[in-house]
Amino acid sequence: MKEIIFGAAYYEEYQPEDRLEQDMQLMRGAGMNTIRIAESTWSVEEPRCGEFDFSHVTRVIEAAARYGIHVIIGTPTYAVPKWLADLDPEILGRNRFGTRQNMDITNPTYRFYAERVIRELVSRTAGYRNVIGFQIDNETKHYNMNNARVLDGFRAWLKARFGDIEAVNEAFGLRHWSLSAASFEELPDPEGTVNGGYACAFEEYRRELASGFLSWQAEIVSLYKRDDQFVTHNLDYEWKFFGAPGQQEGYSYGIQPGINHFDAAKALTMIGTDVYCPPCGELTGREIAFGGALMRTLKREAYLVLESQAQAFTGWLPWPGQLKLMTLAHLAAGACGQMYWPWASIHGGLETFWKGVLSHDGEPGETYAEVREIGEMLKKLAPDLETKERAPIAMIVSAENLHAMNWFPTDRSLSYNDVVNTFHQALYELNLDCDILYDRETDWSGYRLLVFPEFYCASEEMLVRVREYVAQGGHVFAGFRSFFADENARPRHRKQPYGLTDMFGLRYDRFTKNGRHLWMELLEADGAEVLARYEDPHWSRYAALTRNAFGEGLAWYLGCTLSADELKPVLSAAAQKAGIPRQKLHWPLVSVRRGKLQFVMNFSDEGHIAACPVSGTELLTGETVAENEPWKLPAWGAAVIRADSEENRGLSE
């Protein structure tokens, strides 16, 4: 890789004083080469309808050019100006003015003026040589929009999908509680329904609207951009809140409910993402690894981290060395670069204490000094950084299953993303490299093991694909509640797991819970090898974990909830059966291969001595290291080894 993208979101228009030249000097001094601008300030760029002022945008672009800094331009459509909200109250609908992402992205008035400002902005900036790409919108979701136009669109979408109204009634079981309709016009507002499948279909439709919104913006940008400029977007995740009410404190957690990344990626020429994770004693790197496992599979290319934390929230100041560790975790996961949000801490608004590289005094403090060290480190790594290869394991996830589990939860304390993250945590802490694929991805070639956590909804097509994969030699590990319902979240009226009882060599029709398991299926083996039974005096004769040979492959089934620690030996055994060798290093040491580079990271407040995983050159120090020699990583320390050979991959025999 010629250059690793490194920089920050920059808001010159937020600053209480003019410090543009000083900021550019500090950025270059820190080794930064890229900034992202303009995505948040439509009201500055068009203060009154039809009056455009992009002077702050062009001023920053020109200053950046003088310092050899690239620029990514963001379209400013996620925060509407007051004049536009007043022009058509339906743009906000039930929402009030005063926050962001509060608009109906399908509203014709909004679309007209959004297109106009996009055209004005992109046409005036695409010609600058240091503008390398455009970010369309910002962390787009469907924002729960619901009005007469959206409902009419939903009904038309159902008609195109099912053909006639009786097919809709049957697909969702609308006869229950007299919900069936005699025409498409009679179909009710899903927000008031008690039918989970019907509500999940509405969520799917709105996710498609969000993806379509990004495609619409990409088409506009493509009319003006140069061929060498990319189109990106900062795909984000579900947000795990932990702070005070009304505040934004939280972190990235599982797949995003409001848009389907697989569909949204089609509009982009470069995948971008925002990843935030708990620092200090809670830093594990898992949120970074999860994001990378998902993002790198969308186009099978390196992706750009458009937002990550520098100082972030109150109480979230990373300990010394952790910023460097997070950067290396991003690179190990497949990123082509990392940018911070923001460059300078903001002096007003809700994000005042979401602190940037610089604190509120604007001086280059200790965080800046660590960022500068990272800039130097990235120069050493760039020549050897290659595209990350396909992992041997893939975990299959689904936005449809996320919403189905909201309607039919395993337990009120256990969400779909909780289950997905538990499975991922176990694989991550075992150092088993894992990709994450949306269910719409049809290319499973090269994967030795597919993991299906709580894969509740499955179409007939998916069932056929799973059967063929195992019959042809693949290995599958399915978690509880998998393959229970059809694509409309309606339970199948046959023994479970539906359509795959012969593949798994088992069946069940009852489930319960006890003090240890929030969900336990009473599995009856029918040819499968029983690996574990329930340690419960009432249900001990039933299987909890099974394994079955089918065709040339192997199918595992887990019928109950387990913690990540309990999952580890089970998933480790499944990986070994699939011919996936174990890593030499163990948690809290994380070992990841990217091309010829072996990343080794210590997510611990203690130093660890372990056998060096590979022979080669440690790029951060320049030292030569030998495989299996005793080797110490300090607390929150890391190493990047350029291996002597491709075969030398830090694996146990």
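Quick grid of which residues meet (1) within 23 Å of ILE393 (Cα to Cα); (2) of a type in the set (S, T, N, Q); (3) in a loop (DSSP other than H, G, I, E, B); (4) modelled with pLDDT under 95:
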| residue | (1), (2), (3), (4) |
| --- | --- |
| ALA555 | yes, no, no, no |
| ASP565 | yes, no, no, no |
| LYS568 | yes, no, no, no |
| ALA574 | yes, no, no, no |
| ILE580 | yes, no, yes, no |
| SER604 | no, yes, yes, no |
| THR617 | no, yes, no, no |
| LEU620 | no, no, yes, no |
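Does GLY292 satisfy being in contact with a helix residue (DSSP H, G or I) (Cβ under 7 Å, 6 or more places away or on another chain), part of a helix (DSSP H, G or I) and over 25 Å from LEU350 (Cα atoms)? Before you say what the answer is, go through the steps one by one.
Numbers: in contact with a helix residue (DSSP H, G or I) (Cβ under 7 Å, 6 or more places away or on another chain): yes; part of a helix (DSSP H, G or I): yes; over 25 Å from LEU350 (Cα atoms): yes.
So GLY292 passes the test.
Go over the candidates LEU381, LEU402, LEU331 one by one and state the one that is assigned to a helix (DSSP H, G or I), under 30 Å from TYR469 (Cβ atoms) and either within 19 Å of the chain's Cα centre (by Cα) or touching a residue at least 40 places away in the same chain (Cβ under 8 Å) (or both). Talk me through it step by step, then tell me what you get.
Numbers: LEU381 fails: under 30 Å from TYR469 (Cβ atoms); LEU331 fails: under 30 Å from TYR469 (Cβ atoms).
Residue meeting the stated conditions: LEU402.
Does PHE313 satisfy the condition of being modelled with pLDDT under 95 and under 22 Å from the mean Cα position of the chain (by Cα)? If you could, list the steps in order and put the result at the bottom.
Values: modelled with pLDDT under 95: yes; under 22 Å from the mean Cα position of the chain (by Cα): yes.
In short, yes.
Within region 493-509, work out how many residues are part of a loop (DSSP other than H, G, I, E, B), within 34 Å of the chain's Cα centre (by Cα) and closer than 18 Å to THR410 by Cβ.
Within region 493-509, residues that are part of a loop (DSSP other than H, G, I, E, B), within 34 Å of the chain's Cα centre (by Cα) and closer than 18 Å to THR410 by Cβ number 2.
Within region 436-446, does at least one residue satisfy the condition of being assigned to a loop (DSSP other than H, G, I, E, B), open to solvent by less than 30 Å² (accessible area, probe 1.4 Å), within 30 Å of PRO581 (Cα to Cα) and modelled with pLDDT under 95?
no
Assess whether PHE483 counts as being within 24 Å of PRO409 (Cβ to Cβ) and open to solvent by less than 10 Å² (accessible area, probe 1.4 Å). Write out each step before concluding.
On the way: within 24 Å of PRO409 (Cβ to Cβ): yes; open to solvent by less than 10 Å² (accessible area, probe 1.4 Å): yes.
So PHE483 fits the description; yes.
Take the residues in region 215-252 that are aliphatic (A, V, I, L, M) and in contact (Cβ under 8 Å) with a residue 40 or more places away in the chain; name whichever of them is farthest from CYS277 (Cα to Cα). Quick ask: steps written out before the conclusion?
In the first step, residues of region 215-252 are kept if they are aliphatic (A, V, I, L, M); the result is 218, 220-221, 223, 231, 235, 244.
So of that shortlist, the ones also in contact (Cβ under 8 Å) with a residue 40 or more places away in the chain come out as 218, 220-221, 223, 231, 235.
Details: ALA218: 29, ILE220: 34, VAL221: 32, LEU223: 37, VAL231: 26, LEU235: 15 Å.
Among residues in region 215-252 that are aliphatic (A, V, I, L, M) and in contact (Cβ under 8 Å) with a residue 40 or more places away in the chain, the one farthest from CYS277 (Cα to Cα) is LEU223.
Kindly establish whether GLU606 is in contact (Cβ under 8 Å) with a residue 24 or more places away in the chain and either more than 25 Å from the chain's Cα centre (by Cα) or open to solvent by 40 Å² or more (accessible area, probe 1.4 Å) (or both).
Working: in contact (Cβ under 8 Å) with a residue 24 or more places away in the chain: yes; either more than 25 Å from the chain's Cα centre (by Cα) or open to solvent by 40 Å² or more (accessible area, probe 1.4 Å) (or both): yes.
So GLU606 fits the description; yes.
Does GLU363 meet the test of being open to solvent by 20 Å² or more (accessible area, probe 1.4 Å), more than 18 Å from ILE288 (Cα to Cα) and among the acidic types (Asp, Glu)?
Values: open to solvent by 20 Å² or more (accessible area, probe 1.4 Å): yes; more than 18 Å from ILE288 (Cα to Cα): yes; among the acidic types (Asp, Glu): yes.
Considered against the rule, which asks whether it is open to solvent by 20 Å² or more (accessible area, probe 1.4 Å), more than 18 Å from ILE288 (Cα to Cα) and among the acidic types (Asp, Glu), GLU363 comes out as yes.
Quick test for you: out of VAL464, VAL476, VAL530, VAL470, pick the one residue that is among the aliphatic types (A, V, I, L, M) and either assigned to a loop (DSSP other than H, G, I, E, B) or farther than 30 Å from ARG161 by Cβ (or both). Before you say what the answer is, go through the steps one by one.
Numbers: VAL464 fails: either assigned to a loop (DSSP other than H, G, I, E, B) or farther than 30 Å from ARG161 by Cβ (or both); VAL476 fails: either assigned to a loop (DSSP other than H, G, I, E, B) or farther than 30 Å from ARG161 by Cβ (or both); VAL470 fails: either assigned to a loop (DSSP other than H, G, I, E, B) or farther than 30 Å from ARG161 by Cβ (or both).
Criteria check complete, one pass: VAL530.
What is the number of the single condition among (1) in a helix (DSSP H, G or I); (2) of a type outside the set (D, E, K, R); (3) surrounded by 15 or more Cβ atoms within 10 Å (Cβ to Cβ); (4) without any contact (Cβ under 8 Å) to a residue 60 or more places away in the chain that GLN25 does not meet?
Result: GLN25 passes all but (3).
Restricted to region 399-426, and to residues that are open to solvent by 10 Å² or more (accessible area, probe 1.4 Å) and among the β-branched types (Val, Ile, Thr), which residue is farthest from ARG490 (Cα to Cα)?
THR422
Output the number of residues of region 350-375 satisfying the condition of being in contact (Cβ under 8 Å) with a residue 40 or more places away in the chain and in a loop (DSSP other than H, G, I, E, B).
Here the count works out to 9.
Being open to solvent by less than 40 Å² (accessible area, probe 1.4 Å) and not in a loop (DSSP other than H, G, I, E, B) is the filter here, so list the residues in region 533-546 that pass it. Even if it seems obvious, please write down each step before you answer.
Start the filter on region 533-546 by keeping residues that are open to solvent by less than 40 Å² (accessible area, probe 1.4 Å), which leaves 534, 536, 542-546.
ALA543, ALA544, LEU545, THR546, listed by residue number.
Name the residues in region 389-446 that are over 20 Å from ALA332 (Cβ atoms) and among the hydroxyl-bearing types (Ser, Thr, Tyr), would you?
SER398, THR410, SER413, SER415, TYR416, THR422, TYR438, THR442, SER445
The values are calculated or read from the model by the stated rules, or taken from the named source; none is laboratory data. Every value quoted in this text rests on a predicted model; they were computed, and no experiment measured them. Please note: Cβ atoms are built from the backbone with ideal geometry, for glycine as well, and neighbour counts cover all protein chains shown. For the accessible areas, the whole protein counts, side chains as well, though only heavy atoms, and no ligand, DNA or RNA atoms are used. Shrake-Rupley method; radii C 1.70, N 1.55, O 1.52, S 1.80 Å.
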